[in-house]
Amino acid sequence: MPPWPFSRRREEGAGNAVDRAPLLALLEADLRQRVRRRMSRRKIAAGKPLYRPGDVADALYLIESGRLRVFMHQRGGAELVLQFLGAGEVVGEAAFMAEAPYVTGAVAIEDATVLALARRDFDDLLGTHEALLHYLATVIAARQERANARLAAESAPEETLALRGYVTAVYSPRGGAGVTTLALNLAIALAERHPDDAVLLDLDVLFGHTLLNLRLEARGVLAQVGPNTLRGLDRGGLEHYLIKHASSLRIFPAATTPEEGQSITDAHVRSGLTALRRNFGHIVIDLPHAFNEVTLAGLDLADRVLVVATPESTVLHDLAEVRRIFGDVLRVPPERVSYALNHPQAYAGLTLSEFTSATATPWIEIGHGGDAPTAAALRGDSLIGTRPSNPVSRAAAVLADEITRQAREVATLAGRTV
């Protein structure tokens, strides 16, 4: 993996990061410290179990680092993966709270570290803590619902299982945040990792610049195809409209003129994404800034939304509105949204910690890429192809690796072939 592209990978130590996990963040400061002192640390090598079905649940576990796969055995011994869990999440909570043996197993899929709180210490310190008990009950209920959905996925219709593509939408509430540059280089990074299996859908219907940045010409556009026709296109039919880049990335522009762009509807987006998901493993969407029907459809159908912001103080107000709309209107689950603080200009502005504090959400930070992104666009080159060490290129590469992992996990949980 290339060096971490963000100028501040961690502003605080691992201990503080664990303290922000819901299990501990709900506790008063003095109680949190007492709990931390009672916790023991356990390292688990990749491929090794934290616990097996039938083991006694004598401790509550909090993942400090790494990722775990939680599974159950089906008839005949086949393994059914129920969920993947990472840093800051509890694991094994249902059996622990029920004081029953585990019916699932948990295995590290990479080297991991967990913090264990023994039952006697939990009962002594947290057994009557209402907020914490409510949190654990909520986690248990949500994960049971997820497990039920996973079991249902085993008998999902073939048409649903065929929608294998993982959709990443890149969005900003205002222009100039570098959305197109990041979306394009992320899509190329995915194409390099998954040859002939990645496509960029440029939904900036009025002023999309993806093709201009690569000096490519449109063959066909989304606006020229009816929704019913779009939905039924196979790979060969789609290729008639897609433009192939040297990286093997396909690009599907929305329109060639603003007038064409205004004819695109929610139905175009939904039908187009259905066809793309059936024929490609990775779809990246470059979204427009306005909350119109095109943007809303893209956000609704995305598996992952990457919100990009620049470090101005006024952006915080915009972000508050975006988060309100995501939660109250679109019902986008918070775990599907990631946030990136981008520096397309050289000025400093607000710091990463100010964004993290104001939104109570982790952020990644992409350093200033200098003149290279603009120069690459003027030449018609891909930045990641010509300047792989540029901060924007390195960010796109790391994001592509993370999205590849997420897509693999989502496919597994949906019962689709990985």
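The values are calculated or read from the model by the stated rules, or taken from the named source; none is laboratory data. Note that the coordinates shown come from a computational prediction; the quantities given were computed from them, not determined experimentally. Neighbour counts are summed over all protein chains in view; Cβ atoms, including those assigned to glycine, are modelled from backbone coordinates with ideal geometry.
Table for the structure above
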read-out	value
Every residue from the range 119-145 that is among the polar types (S, T, N, Q) and surrounded by 12 or more Cβ atoms within 10 Å (Cβ to Cβ)	Q144
Boolean, Q224 is out of contact with any Asp or Glu (no Cβ under 9 Å at 6 or more places or on another chain) and either in the same structural domain as A372 (by TED's automatic domain parsing) or aliphatic (A, V, I, L, M) (or both)	no
All positions within the range 359-399 that are under 13 Å from L184 (Cβ atoms), among the β-branched types (V, I, T) and at pLDDT below 85	none
Qualifying residue in the range 115-122 (condition: within 20 Å of the chain's Cα centre (by Cα) and closer than 18 Å to P22 by Cα)	no
Any chance L82 is among the hydrophobic types (A, V, I, L, M, F, W, C), assigned to a helix (DSSP H, G or I) and assigned by TED's automatic domain parsing to the domain that holds Y135	no
Residues of the range 41-80 satisfying the condition of being among the polar types (S, T, N, Q) and either within 25 Å of the chain's Cα centre (by Cα) or at pLDDT 95 or above (or both)	S65
Residue count for the range 73-93, restricted to those that are free of Cβ contacts under 8 Å to residues at least 60 places away in the same chain and surrounded by fewer than 19 Cβ atoms within 10 Å (Cβ to Cβ)	8
Filtered residue count, the range 239-282, keeping only those that are under 26 Å from the mean Cα position of the chain (by Cα) and over 16 Å from L216 (Cβ atoms)	18
Hits in the range 361-400 (condition: within 13 Å of the chain's Cα centre (by Cα) and exposed (fewer than 15 other Cβ atoms within 10 Å of the Cβ))	P362
Residue check for E64: touching a helix residue (DSSP H, G or I) at 6+ places or on another chain (Cβ under 7 Å) and under 23 Å from L133 (Cα atoms)	yes
Counted residues, the range 163-187 - those being farther than 17 Å from L287 by Cα and either modelled with pLDDT of 90 or more or touching a strand residue (DSSP E or B) at 6+ places or on another chain (Cβ under 7 Å) (or both)	1
Hey, L151 of a type in the set (A, V, I, L, M), under 26 Å from V81 (Cα atoms) and either touching a Ser or Thr at 6+ places or on another chain (Cβ under 7 Å) or not in a helix (DSSP H, G or I) (or both) or not	no
Matching option when the condition is assigned by TED's automatic domain parsing to the domain that holds T256 and assigned to a strand (DSSP E or B), among T180, T168	T168
Residues being under 19 Å from D197 (Cβ atoms) and either not assigned by TED's automatic domain parsing to the domain that holds T229 or not β-branched (V, I, T) (or both) - total across the range 239-293	23
Given (1) under 20 Å from I251 (Cα atoms); (2) in a helix (DSSP H, G or I), index of the condition I283 fails	(2)
Residue in the range 400-409 that is part of a helix (DSSP H, G or I), within 30 Å of E110 (Cβ to Cβ), modelled with pLDDT of 90 or more and of a type in the set (G, A, S) present	yes
Residue, farthest from L190 (Cα to Cα), within the range 217-250, restricted to residues that are touching a residue at least 60 places away in the same chain (Cβ under 8 Å) and surrounded by 13 or more Cβ atoms within 10 Å (Cβ to Cβ)	H245
Test for E365: is it out of contact with any helix residue (DSSP H, G or I) (no Cβ under 8 Å at 6 or more places or on another chain) and either in the same structural domain as V179 (by TED's automatic domain parsing) or farther than 27 Å from L301 by Cα (or both)	no
Members of the range 105-118 that are assigned to a strand (DSSP E or B) and either among the acidic types (D, E) or crowded, with 19+ Cβ neighbours inside 10 Å (or both)	G105, A106, V107, A108, A112, V114, L115, L117
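Quick grid of which residues meet (1) of a type in the set (G, A, S); (2) assigned by TED's automatic domain parsing to the domain that holds A297; (3) within 25 Å of Y166 (Cβ to Cβ):
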{"position": "S313", "(1), (2), (3)": "yes, yes, no"}
{"position": "A320", "(1), (2), (3)": "yes, yes, no"}
{"position": "V337", "(1), (2), (3)": "no, yes, yes"}
{"position": "S382", "(1), (2), (3)": "yes, yes, yes"}
{"position": "R405", "(1), (2), (3)": "no, yes, yes"}
